[in-house]
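J.: Okay, handing you the structure first.
The values are calculated or read from the model by the stated rules, or taken from the named source; none is laboratory data. Bear in mind that the values here come from a model prediction, so they are computed numbers and not experimental data. Note: areas computed on protein heavy atoms with side chains; ligands, DNA, RNA excluded. Shrake-Rupley method; radii C 1.70, N 1.55, O 1.52, S 1.80 Å.
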Amino acid sequence: MTEDQLEEHAEVLVQLGTDEEGVELRARMQSACLLSDMQAFKAANPGCLLEDFVRWYSPRDWIEADDAVDERETSSRKGSLSSRMRLPGNVWQDVWNGAKPIPVRRQKRLFDDTKEGEKVLHFLASLRPADVVLGLVPTLLHAAICTALENDDPLFPFLRKALASVASNVQLLSKSSVPSVEQCEDVIGMLSNVEATLSRAKALKATFERAASLAGVRFEEVEGFVEELARGVPNVDLPGGSRTPVGRALLALFRQSRKLATDASSVESQPDNDDGSQSAVDFPSPERREYALRCFVRRPAPYSSPTPQYMYCCSSSSGDLRLAAAFSRDTVFQ
């Protein structure tokens, strides 16, 4: 059975209810394959009994006797049906009594491929263009994930985990015959974020590979810094400043951008200062300066609990000055 047949069959079985009549009808609907096997077994084994079929079809429902082997036929053992099979009104008993000896080639097919193919064609012909697009979305998303995996980089293992999460959501989306627009939008948004992160990560890697080459350092020394930037960490610490390999690579980037901005290829890096650091001329003129003051103060009384205070100042090269502050006080011990 196809997936849509299974889904439709399950819905019908659920709608039958839980009463005695529904349970019986549900059991008969589920015994179509059992009836076919019993008819074929009777045709292949004339004069057989239900016990023979159960022993072959469901060995766990055949309980062998404790006696030894039969005296006349050493290849067979004595036994009996399980208690489940001996219950009055057992479906297996009813199906066996109604089964006729019909070979498989003469039976009605359980799966009519011609009929099901016609159903598929009718379903496709009756689809609206919007339904066709929604039906193609899971396939397109799978193709997008495969493309992203092909461009994945082992330097960024968190991207593969994110793609695996998106793939699991796409898998759930593909199980729906016609997914909703909201479901598609959610998964597309997740995939868009992963693709944007992947593009940013590859751009950062290419940039710092060039910067490491300009600064004369190995790229392996700046890999950790690049990975943190690719993760989207807002503030990445740089212990050691410009004296570290990452700092030298950043200085090389600043020098190169300054040369390109001023169109002065003759501008060379300045000599190091006496303390070993690079000269400040390597950095371009700042567009603005930002200052942030943070502290904990007991307000409004000396015995109040310390509460956070914050002040921010921004001074731009155009002369603008912006001040912002956020103050708090203890409201319990005033």
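J.: Within the set Lys42/Lys119; Lys202/Lys259; Lys161/Lys205; Lys42/Lys175, which residue pairs have Cα atoms separated by over 31 Å? All intermediate terms of the calculation are to be shown ahead of the outcome.
T.: Numbers: Lys42/Lys119 33 Å; Lys202/Lys259 24 Å; Lys161/Lys205 19 Å; Lys42/Lys175 39 Å.
Those over the limit are Lys42/Lys119; Lys42/Lys175.
J.: Follow-up. Using only the Cα atoms of region 91-130, what semi-axes does the equivalent ellipsoid have when each is the square root of 5 times a gyration tensor eigenvalue? Give whole Å, largest first. Could the numbers behind the result be given before it?
T.: On the way: eigenvalues 270, 36, 5 Å².
Here the semi-axes work out to 37, 13, 5 Å.
J.: Provide the three semi-axes, in whole Å and in decreasing order, of the ellipsoid equivalent to region 106-162 as defined by the square roots of 5 times the Cα gyration tensor eigenvalues. Intermediate values should be presented prior to the final figure.
T.: Numbers: eigenvalues 317, 65, 10 Å².
The answer is 40, 18, 7 Å, longest axis first.
J.: Okay, next question. Given a 1.4 Å probe and every protein chain left where it sits, what share in percent of the accessible area of region 94-231 is carbon and sulfur?
T.: Values: 5000 of 8810 Å².
Reported share for carbon and sulfur atoms: 57 percent.
J.: Taking a quarter of the surface of the Cα convex hull of region 144-274, what do you get in nm²?
T.: Details: hull surface 43.4 nm².
So the mean shadow area of the Cα hull is 10.8 nm².
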